[in-house]
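The values are calculated or read from the model by the stated rules, or taken from the named source; none is laboratory data. Since the model is a prediction, treat every value here as computed from it, not as a measurement. Because the Cβ atoms are built from the backbone with ideal geometry, glycine has one as well, and the counts that use them run over all protein chains shown. Note: areas computed on protein heavy atoms with side chains; ligands, DNA, RNA excluded. Shrake-Rupley method; radii C 1.70, N 1.55, O 1.52, S 1.80 Å.
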Amino acid sequence: MEVKHRTARSLVKKLGSVSEITRSEALAELRLMTKNDAESRLIIAEAGAIPYLAETLYSSSHDSQDNAAATLLNISISSRAPLMSTRGLLDAISHVLRHHATNSSPSAVQSSAATLYSLLVDDSYRPIIGAKRDIAYSLIEIIKRPNSPPRSIKDALKALFGIALFPLNRAGLIDLGAAGALFSLVLKDGRVGIVEDTTAVIAQIAGCEESERAFWKVSGVKVLEDLLDVGTGSSERTKENAVGALLNLLRCGGGGVMREVKEMRPGAVEGIKDVMENGTAKGKSKAIALLKAVEDGAKKWDFAVSHRAVQLCFWCWMRNVSPRNIFSS
């Protein structure tokens, strides 16, 4: 153990060297150590490596940036607190993500997004990271960019999912245009893994009042219907995510959502029933709740329409006006 401590202190000292070669060699060794030896991660963090690693994320050298980002990711798997307590770490990660299309290397972007996802496993960090709008904006920009590498998109989606797990972050994501970017990705990217990860984020952001209008603008309910339709061949995970999204939308939305869901075509309803019968335990419970909500909502909607019709007839009777005259041109 003492050998590990000495090695860590020696490598961290080299990170402060004026020699770029020395710094690069130390970064490469730290990356290897933190990858292969879980025990060394906390030791390296306690030796003071994190501020140096964060600073290196601003480097113009892609190799140095890659090694620093990967080392931070490795440390985050076992030791999240030292990272979150390091001043400027989130700003450094934001810098890498913000320049994903220009100066940052794709590997550093992927490692930085994956580090965020690792940190977001701790729910106490979700409001802190979610409050960094520049980070959320950059993640959304990554999934919007047509030629972003698939790995970058997947890591960005996972980070967005972690942010959206905190309910108060969802409205902010909607405000930054997450709904449009996510649904566009579903429509344009046919890769199963990407669609599954995208719909997982959609299901989370649906759980806020702001989602109803945002989903309406991009015909979100119709897209979710398509994913549920048994004829489209969506994966079970995608269908479960679509069920979760519709359920959250119904719980947080208004009458407009209920009208759309009430008019859901039979193929989509069959998809919900398929999840109810063959899904995971969590998926089954959501499908049951969604079908019940649709059924209850339809009854309430029919009652509201009937009640309105009675009111109209009474109004016409009181004024001796024929209902036909109201709707005639």
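Observations
- In percent, rounded to a whole number, the relative contact order of region 126-230 is 27, using alpha-carbon pairs under 8 Å and six or more apart.
- The percentage of C-alpha pairs in region 1-95 whose separation is greater than 16 Å is 47%.
- 11 Å beta-carbon shell around P150, net charge (K/R +1, D/E -1): 0
- Counting only alpha carbon atoms, the long axis of helix 266-278 and the longest principal axis of the chain meet at about 50°.
- Y125 sits among other residues whose Cβ lies under 12 Å from its own Cβ, and their net charge, with Lys and Arg +1 and Asp and Glu -1, is +1.
- Sequence-separation-based contact order of region 1-102, relative, with Cα cut under 8 Å and 6+ spacing, percent: 27
- Relative to the compact-globule estimate of 2.2 N^0.38 Å, the Cα radius of gyration of region 95-140 comes out at 1.14.
- Degrees between helix 281-318 axis and first principal axis of the chain (Cα, 0 to 90, nearest 10): 40
- With DNA, RNA and ligands ignored, accessible area of C252 (1.4 Å probe; Å², nearest 10): 40
- Evaluated at q = 0.07 Å⁻¹, a Debye calculation over the C-alpha positions of the chain (equal weights, vacuum) places log10 I(q)/I(0) at -0.39.
- The chain, relative contact order in percent, only Cα pairs under 8 angstrom and at least six apart counted: 10
- Each semi-axis of the equivalent ellipsoid for region 215-302 is √(5λ) with λ an eigenvalue of the Cα gyration tensor; in descending order they amount to 19, 14, 11 Å.
- Applying D = kT/(6 pi eta Rh) to region 135-215, where Rh is the Kirkwood radius over alpha-carbon pairs, T corresponds to 10 °C and eta to 1.306 mPa s, the Stokes-Einstein value obtained is 130 µm²/s.
- 0 to 90° range, to nearest 10: angle between helix 150-164 axis and the chain longest Cα axis: 70
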